[in-house]
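For reference, the structure is listed below as structure tokens.
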Amino acid sequence: MKLQFLGGTREVGRSAILVDDRLLLDYGLLTGNPPQFPVGSVDPEAVVVSHGHLDHVGAIPTLLSGDARPPIHWTPPTYELAMTLARDTLKLHGGTYSCPFTENDRKRVTEVSQTHGYRETFEAAGHEITFYNAGHIPGSAHVLVDDGETRLLYTGDFHTDSQRLVSGTTARPDADVVVCESTYSDVEHDPRDEVERRFVESVQTTLWEGGTVVVPAFAIGRTQELMLVCEAHDIDCYVDGMGQRVTRMLRTYPEFLCDADAFRRAKSNARFVTGRDGQRKRIARKNTVIITTSGMLSGGPAMTYIPEIRTNPVNKIAMTGYQIEGTPGRSLLETGSAEIDGRVMPVSARTEAYDFSAHADRDGLRALLDDYRDVPVLVNHGDRCEAFAAELRDDGFEAAAPELGEAVVY
């Protein structure tokens, strides 16, 4: 089996792996100015997608911009999320280099889409493929690829601990080689129940004091997780941004949720924001919780809420995801000010950070890999892939961190 790494090597973003020059695993983008895309020219016979985040699906429509029409295989939620992200990209960046596909390309994706559930084996480009729950977001999958001689396990992004939204992965299919993500290979997450307890106590304290809590959150996964947290602790909340569309969509796929009844209650508990007639400014003055995009304060409805609440030290901004260097969210945590809509604003409202990560940490990565000690491990999707591969070698693994464009054969 030949594996060529077209992206996602020694970086987080633009994941793409070409198998046997025929089968493409993921095709994402690396956000930035300008964005970066997988390298090389690719014309796969079929595409298999692990999950619906931009760094794994963001460039999928470009594969259909020419005459080729390869079938695209994914779980139902991943398909829906990919379409949502493509529409959002077209809305924000259509006609620019940041969006290298058209509305027609996006529509073509729907024509070639084929959806599959977990543990339902199917054929793609001469390979047998099986999806397993990866515990990252709804519909996220480990991808097992079998060419008849070699079995590849592509972990995609995964979490071994359960969240309120999705159950942690327990799948350990037999494999001859593993391609493993490494996003948090040098981090130990605090126990999720402890993170949730601190978040809830902080939010309740601010509400008791008469303040407003703005919770910047990623639209896919994080918004819904925090809705579940709020409902479980009897905290009313508003939800704004793309997370509303994602929430409505996920209601239609209860089999991909940890607790469909709890999810239904969480949706009923939340009030969705339309943004019409100055609604956001009125909500910002209420004694309430607002879960809103963007998770790094780089756009979205947060651009309205933060200026409205920033001058009152009783108010609070609760960051719930990793803040990439150079983003307004990172600046706010480090300096107490952030560039919002082109203006650097000092923020007197209290700012806190909570680790609600949907990725496995160091212990979680090792827990999965310990079941694959006798097979080669290729480390990708991380800022320290080489270092983690070296640590694995020191512990007896056959491990490497491929470079961009590199091809390996097993």
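Taken together, the values in this text are just the output of simple stated rules run on the coordinates, not laboratory data. Note that the coordinates shown come from a computational prediction; the quantities given were computed from them, not determined experimentally. Neighbour counts run over all protein chains shown; Cβ positions are idealised from the backbone, glycine included.
General observations
- In terms of overall dimensions, the range 277-374 has a Cα radius of gyration and Dmax of 17.0, 62 angstrom.
- Phi to ³J(HN,Hα) by Karplus 6.51 cos²θ - 1.76 cosθ + 1.60 over the range 323-335, Hz, x for Gly, Pro: 9, 5, 4, x, 8, x, x, 5, 4, 4, 5, 8, 10
- Sequence-distant residues sharing a close amide H with residue 116 (under 5 Å, placed H): 74, 75
- Environment charge at residue 134 (Cβ cut-off 13 Å; Lys +1, Arg +1, Asp -1, Glu -1): -2
- Among the GluC sites (Glu not before Pro) found in the range 140-190, those both in a DSSP coil and sparsely packed, with 11 or fewer other Cβ atoms within 10 Å of their Cβ, are 149, 188.
- Radius of gyration (Cα atoms) of the range 338-397, expressed as a multiple of 2.2 N^0.38 Å: 1.81.
- Test item: Cα-centred dipole of the chain, Lys/Arg +1 and Asp/Glu -1 on Cβ, debye: 2400
- Dimensionless Rg/Rh of the range 181-231 - Kirkwood Rh, Rg from C-alpha atoms: 1.04
- Cα-based reach from residue 281 at 23 Å (exclusive), listing lysines while leaving out same-chain residues under 8 positions away: 267, 316
- For the chain, the antiparallel share of DSSP beta bridges with both residues in that region comes to about 45%.
- Sequence-distant residues sharing a close amide H with residue 237 (under 5 Å, placed H): 271
- Principal-axis tilt of helix 103-112 within the chain, Cα atoms, nearest 10 degrees: 50
- Put simply, the amide H of residue 50, placed in the peptide plane, has neighbours under 5 Å in 26, leaving out anything fewer than 5 places away on its chain.
- Tilt relative to the chain, helix 260-269 - C-alpha long axis, 0 to 90 degrees, to 10: 30
- Take the Kirkwood radius over Cα pairs of the chain, plug it into Stokes-Einstein at 10 °C and 1.306 mPa s, and you get 73 µm²/s for translational diffusion.
- Relative packing of peptides 312-319, 71-78 - highest average C-beta neighbours within 10 Å first: 71-78, 312-319
- Residues considered: 363, 374, 193. Largest GNM mean-square fluctuation over the chain, using C-alpha springs under 10 Å, is found at 193.
- Near residue 197: Cβ cut-off under 14 Å, other residues only, Lys/Arg at +1 and Asp/Glu at -1. The net charge is -4.
- Scaling the Cα radius of gyration of the range 284-323 by the globular reference 2.2 N^0.38 Å produces a ratio of 1.12.
- Karplus-based coupling profile of the range 399-409, in residue order and whole Hz: 9, 8, 10, x, 8, 4, x, 5, 10, 10, 10, with θ = phi - 60° in 6.51 cos²θ - 1.76 cosθ + 1.60 and x standing for Gly or Pro.
- Binned Cα-Cα distances of the range 113-203, short to long, each 5 Å bin given as a whole percent: 3, 12, 19, 22, 16, 11, 7, 5, 3, 2, 1
- Backbone phi angles across the range 228-239, fed through the Karplus curve with coefficients 6.51, -1.76 and 1.60 (θ = phi - 60°), yield HN-Hα couplings of 5, 4, 4, 5, 5, 10, 6, 10, 5, 8, 9, 10 Hz in residue order; Gly and Pro are listed as x.
- Taking 0.36 nm per residue of separation and subtracting the Cα-Cα distance, full extension of the segment from residue 344 to residue 200 would add 48.9 nm.
- Between residue 118 and residue 190, full extension at 0.36 nm per residue minus the direct alpha carbon distance yields a gain of 23.0 nm.
- GNM top mover of 163, 114, 224 - the chain, alpha-carbon springs below 10 Å: 114
- Rounded to the nearest 500, the 222 nm mean residue ellipticity of the chain from helices alone is -8500 deg cm²/dmol, with -39,500 (n - 2.57) taken per DSSP H run of at least 4 residues.
- Multiplying the residue separation of residue 264 and residue 335 by 0.36 nm and subtracting their alpha-carbon distance yields 21.7 nm.
- Compactness of the range 1-157 as Cα Rg over 2.2 N^0.38 Å, two decimals: 0.95
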